[in-house]
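Undergrad: Have a look at this one before I ask anything.
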Amino acid sequence: MSDYNFAYLDEQTKRMIRRAILKGLAIPGYQVPFASREMPMPYGWGTGGVQVTAACLTPDDTLKVIDQGADDTTNAVSIRRFFEKTAAVGVTQATTQASVIQTRHRIPEEPLNEDQILVYQVPIPEPLRFLEPRETETRKMHALEEYGLIHVKLFEDISQHGQIATAYAYPVKVEGRYVMDPSPIPRFDNPKMEMAAIQLFGAGREQRIYAIPPYTQVVSLDFDDYPFEASKAEGACALCAADHTYLDEVIVDDDGGRMFVCSDTDYCESRRQAGHVGAQGTPMGKDAA
Amino acid sequence: MTPLLDVQNLSKYYGQRIGCKDVSFDLYPGEVMGIVGESGSGKSTLLNCLAGHLEPDSGAVLFDTKTDGLKDTVTMSEPERRMLGRTDWAFVHQHARDGLRMGVSAGGNVGERLMAVGARHYGDIRAQAADWLGRVEIRADRIDDRPTAFSGGMQQRLQIARNLVTGPRLVFMDEPTGGLDVSVQARLLDMIRELVRDLGLSAIIVTHDLAVVRLLADRLIVMKDGHVVETGLTDQVLDDPQHSYSQLLVSSVLQV
Ligand SMILES: [Zn+2]
């Protein structure tokens with residue numbers, strides 16, 4: 001443990017990242033360049049999010065790490081262990097207990113509060129990238145608010161699929177100014193981005209940090225005749241009967257049996273503890289846990 | 001009558017080398033100006049300075065803006081100039097791939113300028129795109145195809161549709177028929193001529209091909225080594241060139 005500074009990064013690096021975070025909060029949705037450090041994990045494993053989390057953590061924090069809504073995937077477990085080891089912070093799987101939550105691909109179902117920070121892992125921060133590969137040009141488009149191109153992408157979607165088929169990383173406009181990639185969360189989560197907690201986005205390989213302060217307007221882009229819909233799979237969770245959560249389809253046996261369950265495992269668990277039972281769930285007594 | 005464009009003493013240098021020097025001319029609404037010369041004559045430099053793609057070293061390019069009347073586009077703010085670039089101005093590149101988004105459908109290519117100026121109704125945008133594809137003789141059932149699936153001539157017609165959809169008042173064209181087969185060129189030229197006439201467009205066309213300006217241009221500027229050596233009505237310059245270089249240019253095309 002004494003081999004590392006608190007939370008792995010040295011204090012100077014953390015100060016540099018904090019400056020980028022503060023700048024990001026001051027200009028909601030604007031991508032702030034930062035000098036991304038090598039982390040002891042490969043890119044694609046959330047090195048951007050890890051650096052942001054490292055810069056935010058204090059010894060009193062309680063950390064939760066989720067990957068696609070679950071706390072127990074390899075990615076989530078290894079990041080949680082990393083901070084247990086390097087910062088000796090408390091960890092939790094309960095959304096309500098966490099002060100800092102690092103996430104990949106989901107926003108927790110439980111509404112977050114003003115004392116919490118949500119840190120997103122971001123693979124590609126530039127929402128205009130796939131139609132305009134030139135960085136000089138996309139920077140200019142952001143600076144001059146020339147955002148017609150983002151609608152070209154949605155236009156192509158409708159032309160090809162009869163509807164806006166973009167299901168993840170659905171582009172948003174923040175506080176009426178910057179168009180932003182919300183990272184590959186399902187578009188079902190987009191409306192939740194208007195929240196009480198601070199949201200920070202870290203892209204390690206691309207060296208960008210951006211942020212949404214609490215209670216900031218976040219609008220999902222659309223057309224007048226094809227309005228945005230926060231869609232999800234139809235039906236209710238097979239385990240906890242929730243019909244308002246984002247569902248994952250899981251294979252349950254070798255015969256291809258399938259069921260839909262909450263992607264947010266902590267939320268599903270809490271509901272079952274509270275006595276909710278889905279069509280394929282079993283009542284959960286205190287002894288069953 | 002106010003000119004649409006009033007170019008005053010425009011000069012551009014590349015280090016010591018002259019790109020174009022002291023170019024002045026007016027363009028009136030509905031007029032088509034041809035700029036001819038060999039490669040290296042400065043005609044492309046001039047066009048790019050006029051369209052705001054290159055910053056000239058001196059001189060002014062006054063454009064009759066809708067809101068403020070004649071305004072120097074060289075000194076106006078970049079956002080304002082870029083706004084002109086997607087509203088009142090259009091630019092047709094020699095190579096269609098420079099002016100098209102090759103990864104976007106024909107409909108999306110035409111619709112982009114509409115969306116860039118705030119159109120947010122998918123049905124309306126698509127209907128306008130379909131209408132413009134029809135006007136450049138691209139079949140309606142190709143609207144969802146990408147330009148990579150189009151022939152060279154079709155790509156160029158698509159580029160023209162994409163540029164004209166927002167009703168620009170001034171169109172810059174850089175060798176619009178260059179690189180195409182002769183038969184395709186002829187058809188494209190006819191189409192451009194009809195569009196210019198039907199829409200009352202003003203245009204500045206740069207070309208080395210005198211047949212193009214013979215068909216399209218009302219007036220001509222002949223350039224050599226970055227300088228304007230002769231200007232006049234197209235027929236006048238082509239049938240009775242005064243400057244020795246113009247005479248050479250005209251006679252060389254006659255030999256072809
Ligand atoms: Zn559930």
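Taken together, the values in this text are just the output of simple stated rules run on the coordinates, not laboratory data. The model shown is predicted, which means the values in this text are computed figures rather than measured ones. Here the Cβ is made from the backbone with ideal geometry for all residues, glycine too, and neighbour counts use every protein chain on show.
Undergrad: Rounded to the nearest 500, what is chain B's calculated 222 nm mean residue ellipticity when only DSSP H runs of at least 4 contribute -39500 (n - 2.57) each, over all residues?
TA: Numbers: 10 runs with 102 residues, N = 256.
-12000 deg cm²/dmol, from helical runs alone.
Undergrad: When a/c reaches 1.5 or more, the comparison of a/b and b/c decides; with that in mind, is chain B rounded, prolate or oblate per its Cα gyration tensor?
TA: Oblate, because a/c is 1.5 or more while a/b does not exceed b/c.
Undergrad: Next question. Roughly how big is the protein assembly as shown's charge dipole about its Cα centre, with Cβ charges of +1 (Lys, Arg) and -1 (Asp, Glu), in debye to the nearest 20?
TA: Roughly 760 debye for the protein assembly as shown.
Undergrad: With springs only between Cα atoms under 10 Å, which of A:GLU269, A:GLU194, A:GLU137 fluctuates most in a Gaussian network model of chain A?
TA: So, out of A:GLU269, A:GLU194, A:GLU137, the one fluctuating most is A:GLU137.
Undergrad: Could you list B:ARG157, B:ARG146 so that the one with the fewest beta carbons within 10 Å of its beta carbon is first and the one with the most is last?
TA: By the 10 Å Cβ count, ascending: B:ARG146, B:ARG157.
Undergrad: For peptide B:115-123, compute the average count of partner chain beta-carbon atoms within 10 Å of each residue's beta-carbon.
TA: Details: counts 9, 6, 1, 3, 5, 8, 4, 12, 5.
Shielding by partners across B:115-123 averages 6.
Undergrad: Average partner chain C-beta neighbours within 10 Å, per residue of A:140-149?
TA: 4
Undergrad: Further question on the same structure: For peptide B:97-109, compute the average count of partner chain beta-carbon atoms within 10 Å of each residue's beta-carbon. Mind showing how you got there, number by number?
TA: Numbers: counts 0, 0, 0, 0, 5, 0, 4, 7, 5, 1, 5, 12, 1.
Rounded to a whole number, the mean comes out at 3.
Undergrad: GluC sites (Glu not before Pro) within the range A:209-262: which are DSSP loop residues with at most 11 other Cβ atoms inside 10 Å?
TA: A:GLU234
Undergrad: Tell me, what is the percent relative contact order of chain A, built from C-alpha pairs under 8 Å that lie six or more residues apart?
TA: Details: 585 pairs, mean separation 57.6, N = 289.
Over chain A, the number comes to 20 percent.
Undergrad: Which shape class applies to chain A: rounded if a/c is under 1.5, otherwise prolate when a/b exceeds b/c and oblate if not, where a ≥ b ≥ c are the square roots of the Cα gyration tensor eigenvalues? Provide the component values of the computation, followed by the final result.
TA: Details: a/c = 1.92, a/b = 1.09, b/c = 1.76.
It is oblate, given that a/c is not under 1.5 and a/b is not larger than b/c.
Undergrad: By how many nm would the segment from B:HIS208 to B:ALA127 lengthen if fully extended, with 0.36 nm per residue of separation less the alpha-carbon distance? Mind dumping the intermediate values first?
TA: Details: separation 81, 0.36 × 81 = 29.16 nm, distance 3.67 nm.
Gain on extension, B:HIS208 to B:ALA127, equals 25.5 nm.
Undergrad: Would you mind ranking B:MET223, A:MET195 by Cβ crowding within 10 Å, fewest neighbours first?
TA: A:MET195, B:MET223
Undergrad: Sticking with this structure for a sec: Can you give the calculated 222 nm mean residue ellipticity of chain A, where each DSSP H run of n ≥ 4 adds -39,500 (n - 2.57) and the sum is split over every residue, rounded to the nearest 500 deg cm²/dmol? Write down the numbers at each step before the final one.
TA: On the way: 6 runs with 72 residues, N = 289.
Taken over chain A, the calculation gives -7500 deg cm²/dmol.
Undergrad: Could you go through the range B:3-15 in sequence order and give the Karplus-derived ³J(HN,Hα) for each residue, using 6.51 cos²θ - 1.76 cosθ + 1.60 with θ = phi - 60°, rounded to whole Hz, and x for Gly and Pro?
TA: x, 6, 9, 10, 9, 10, 6, 7, 9, 9, 10, 10, x
Undergrad: Would you mind working out the magnitude of the charge dipole of chain A relative to its Cα centre, with +1 at each Lys and Arg C-beta and -1 at each Asp and Glu C-beta, to the nearest 20 Debye?
TA: Values: 28 positive and 42 negative charges, 212 e Å.
It comes to approximately 1020 debye.
Undergrad: So for the range A:232-279, averaging the separation of alpha carbon pairs under 8 Å that are six or more residues apart and normalising by length, what relative contact order in percent results? If you can, show how the numbers build up before the last one.
TA: Values: 75 pairs, mean separation 20.8, N = 48.
Dividing the mean separation by the residue count of the range A:232-279 yields 43 percent.
Undergrad: While we're looking at this one, here's another question. Grab the other residues whose beta carbon is less than 15 angstrom from that of A:ILE66, score K and R as +1, D and E as -1, and report the net.
TA: Details: positive: A:LYS64, A:ARG80, A:ARG81, A:ARG104, A:ARG106, A:LYS192; negative: A:ASP67, A:ASP71, A:ASP72, A:GLU109, A:GLU110, A:ASP189, A:ASP248, A:ASP264, A:ASP266, A:GLU269.
Net local charge, A:ILE66 excluded: -4.
Undergrad: Something else about it: Quick one: Karplus J couplings for the range A:119-128, per residue in order, coefficients 6.51, -1.76, 1.60, θ = phi - 60°, nearest Hz, x for Gly and Pro?
TA: Per-residue couplings from phi come out as 10, 9, 8, 10, x, 10, x, 8, x, 8 Hz.
Undergrad: Please work out whether the range B:123-182 counts as rounded, prolate or oblate from its C-alpha gyration tensor, where a ≥ b ≥ c are the square roots of the eigenvalues and a/c under 1.5 means rounded, while otherwise a/b larger than b/c means prolate and anything else oblate?
TA: Numbers: a/c = 2.51, a/b = 1.20, b/c = 2.10.
Verdict is oblate for the range B:123-182.
Undergrad: State, as an integer percentage, the relative contact order of chain B based on alpha-carbon contacts under 8 Å between residues 6 or more apart. Present the calculation step by step, with values, prior to reporting the outcome.
TA: Values: 469 pairs, mean separation 66.1, N = 256.
Here the relative contact order equals 26 percent.
Undergrad: Please compute the modelled spin-label separation between B:GLU194 and B:ASP225, points set 7 Å along Cα→Cβ, answer in nm with one decimal.
TA: 4.4 nm
Undergrad: Pick out which of A:LEU239, A:LEU131, A:LEU22 has the largest mean-square fluctuation in a Gaussian network model of chain A, springs linking Cα atoms closer than 10 Å.
TA: Between A:LEU239, A:LEU131, A:LEU22, it is A:LEU131 that shows the largest mean-square fluctuation.
Undergrad: So, with +1 on the Cβ of K and R and -1 on the Cβ of D and E, and no other charges, what is the size of the charge dipole of chain B about its Cα centre, to the nearest 20 debye? Please list the in-between numbers first.
TA: Working: 27 positive and 34 negative charges, 158 e Å.
Rounded to the nearest 20 debye, it is 760 debye.
Undergrad: Quick check on the exposure proxy: order B:LYS224, A:LYS232 from fewest to most C-beta atoms within 10 angstrom. Don't jump to the answer; show the numbers that get you there.
TA: Numbers: B:LYS224 21, A:LYS232 18.
The order, fewest Cβ neighbours first, is A:LYS232, B:LYS224.
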